[in-house]
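Report on the following structure.
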Amino acid sequence: MSQGIVAPQSMHFATPLQLQSGALLADYTLVYETYGALNADKSNAVLVCHALNASHHVAGIYQGDEKNVGWWDNMVGPGKALDTNKFFVIGVNNLGSCFGSTGPMHINAATGKPYGADFPVVTVEDWVQAQARLADALGIAQFAAVMGGSLGGMQALAWSLAYPARLRHCVVIASTPKLSAQNIAFNDVARQAILTDPGFHGGDYYAHGVVPKNGLRVARMVGHITYLSDDDMAEKFGRDLRSGAYQFGFGIDFEIESYLRYQGDKFSEYFDANTYLLITKALDYFDPAKEFDGDLTRALSKTQAQFLLVSFMTDWRFSPERSREIVQALVNNKRRVSYAEIDAPHGHDAFLLDDPRYMSVVGEYYKRIWQEISQPQTAVSNAVTEVAGTEHEL
């Protein structure tokens with residue numbers, strides 16, 4: 001069942017936000033959506049953190065725009081894995097985004113012009129700090145869970161470190177404790193495509209009335225390749241030709257070329273280039289073990305939450321090995337961890353899709369959380385539903 005018609009809300013924060021870079025964001029606005037009802041003791045709140053090109057619009061549709069379905073609508077809603085009949089779910093748009101919260105497209109009060117390239121570089125930890133202020137304003141002292149996939153999973157992990165007592169559970173899906181050199185390399189190729197686009201104008205393209213579309217298009221094409229598995233791409237496209245024969249030119253011969261160009265064109269119509277640069281840098285910089293000489297066990301020693309981690313066997317961008325690093329570090333710290341590896345063929349994008357085993361794992365975990373909230377004196381079973389693939393209760 002869908003969440004139905006939803007509407008975004010916004011909240012302005014006049015207190016300056018000190019960023020990890022040393023820059024100060026004088027004031028800012030966060031756009032967010034909520035689903036379900038907050039219970040009397042405010043113990044059923046779940047924060048959902050978004051990934052690169054998503055937003056606060058997690059579930060449901062907008063009045064008059066029924067095709068604009070929330071990016072995790074298959075996960076969040078009445079009777080779904082994250083059941084909004086039980087939980088009060090918050091989706092918040094991060095700073096630097098182009099979907100409503102303060103970002104490069106917004107007016108800088110100090111200059112009267114759009115921030116553009118002057119918008120400060122933000123990190124995962126900065127986003128978490130801003131999200132915590134929103135939680136404060138909503139009167140939520142502790143989340144039942146903080147949850148996210150990919151970059152959203154990094155935010156959930158950062159929550160468990162920055163505010164260990166403010167979340168009971170941390171749900172990290174298809175994520176990683178830090179990007180590999182290969183991940184950073186892909187991000188930089190994408191950024192260079194934008195930075196070298198003649199339409200970029202040093203990040204101040206708003207004043208020129210243009211958009212660096214070619215750069216955005218190539219950036220998205222590069223990124224999209226990493227979201228799919230080799231098998232998935234082979235099954236969908238193989239070496240199929242658009243016209244059934246080679247054209248002996250540099251246009252589109254193969255179906256995969258057509259698909260990637262379509263994805264790139266679509267992305268360049270709605271996404272902001274400065275936002276893309278900021279978010280990919282936030283991905284690159286996330287590394288909670290950096291301050292501990294790379295020792296993730298020491299880095300995660302501050303955590304207090306219980307954890308669910310899910311990875312997908314064909315995800316080569318954030319492979320299961322990266323999730324296992326987190327699991328091992330948590331186990332070393334004697335944290336309670338549930339972990340599932342799902343044998344899904346869809347690569348990194350699998351975290352957004354409808355694999356029933358994946359949905360079952362998450363759904364069963366939230367049932368456990370609900371038991372804790374609604375029957376706090378009752379012993380809760382440690383059992384986790386068996387799924388295809390590998391699953392561990394550690």
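None of the figures in this text is laboratory data; all of them are computed from the coordinates on show. What you are looking at is a predicted structure, and each value in this text was computed from that prediction instead of being measured. With ideal geometry, Cβ positions are generated from the backbone for all residues, glycine too; neighbour counts draw on all protein chains shown.
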Low-density loop cleavage sites - chymotrypsin sites (Phe, Trp or Tyr not before Pro) in the stretch 238-296, where at most 13 other Cβ are within 10 Å (DSSP): TYR246, PHE248, PHE250
Label-point separation in nm, ASN39 to ALA137, each point 7 Å along Cα→Cβ: 2.6
Summed residue charge, Cβ within 12 Å of GLY294's Cβ, Lys/Arg positive, Asp/Glu negative: -2
Whether the stretch 43-129 is rounded, prolate or oblate, judged on the alpha carbon gyration tensor where a/c under 1.5 counts as rounded: prolate
Peptide ranges 128-137, 180-189, 28-37 listed from the most packed, as the mean C-beta count within 10 angstrom indicates: 28-37, 128-137, 180-189
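What's the local net charge at VAL222, with K and R +1, D and E -1, over the other residues with C-beta under 11 Å away?
Details: positive: ARG191, ARG217, ARG220; negative: ASP188.
Net of charged neighbours comes to +2.
For a Förster distance of 25 Å, can you work out the FRET efficiency between the beta-carbons of TRP316 and PHE292, rounded to the nearest 0.05?
Computed FRET efficiency for TRP316 and PHE292: 0.40.
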Cα gyration tensor shape of the stretch 148-236, rounded if a/c is under 1.5, else prolate or oblate by comparing a/b with b/c: oblate
Selected from ILE225, ILE373, ILE279 as most flexible by GNM, with the chain as the system and alpha-carbon contacts under 10 Å: ILE373
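Grab the beta carbon distance between MET233 and GLU325, set R0 = 25 Å, and tell me the FRET efficiency rounded to 0.05.
Plugging the Cβ-Cβ distance into 1/(1 + (r/R0)^6) gives 0.40.
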Net length gained if the chain between THR29 and PHE254 were fully extended (0.36 nm per residue, minus Cα distance): 76.6 nm
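Let me have the relative contact order for the stretch 2-157, percent, based on Cα pairs under 8 Å that are six or more residues apart.
Numbers: 313 pairs, mean separation 44.3, N = 156.
Contact order relative to length: 28 percent.
Let a ≥ b ≥ c be the square roots of the eigenvalues of the Cα gyration tensor of the stretch 176-317; is it rounded (a/c under 1.5), or, if not, prolate (a/b larger than b/c) or oblate? Please report the intermediate quantities before stating the final value.
Working: a/c = 2.90, a/b = 1.40, b/c = 2.07.
Taking the square roots of the gyration eigenvalues as a ≥ b ≥ c, the stretch 176-317 is oblate.
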Among GLY347, GLY199, GLY244, residue whose mean-square fluctuation peaks in a GNM of the chain (springs only between Cα atoms under 10 Å): GLY244
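If you take the C-alpha gyration tensor of the chain, multiply each eigenvalue by 5 and take the square root, what semi-axes do you get, largest first, in whole Å?
Working: eigenvalues 211, 142, 86 Å².
For the chain, the ellipsoid semi-axes come out as 32, 27, 21 Å.
Quick check: net charge around PRO114, other residues with Cβ under 11 Å of its Cβ, Lys/Arg +1 and Asp/Glu -1?
Numbers: positive: LYS113; negative: ASP118, ASP204, ASP272.
Computed value for this residue: -2.
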The stretch 1-109: trypsin sites (Lys or Arg not before Pro) in DSSP coil with no more than 11 other Cβ atoms inside 10 Å: LYS67
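Out of the stretch 210-252, which trypsin sites (Lys or Arg not before Pro) are coil in DSSP terms and have no more than 15 other C-beta atoms within 10 Å?
On the way: sites: LYS213, ARG217, ARG220, LYS236, ARG239, ARG242; in loops: ARG239, ARG242.
The qualifying sites are ARG239, ARG242.
Just list whichever of LYS334/LYS367; LYS213/LYS236; LYS113/LYS266; LYS178/LYS367; LYS302/LYS334 have alpha carbons separated by over 18 Å in the model shown. If you can, show how the numbers build up before the last one.
Details: LYS334/LYS367 23 Å; LYS213/LYS236 26 Å; LYS113/LYS266 27 Å; LYS178/LYS367 30 Å; LYS302/LYS334 12 Å.
Listed pairs above 18 Å: LYS334/LYS367; LYS213/LYS236; LYS113/LYS266; LYS178/LYS367.
If I take every Cα pair under 8 Å that is 6 or more residues apart in the chain, average their sequence separation and divide by the length, what percent do I get for the relative contact order?
Rounded, it is 16 percent for the chain.
Report the full-extension gain for the segment ASP188 to ALA14: residue separation times 0.36 nm, less the Cα-Cα distance, to one decimal in nm. It would help to have the intermediate numbers written out before the result.
Details: separation 174, 0.36 × 174 = 62.64 nm, distance 3.39 nm.
Length gained, ASP188 through ALA14: 59.3 nm.
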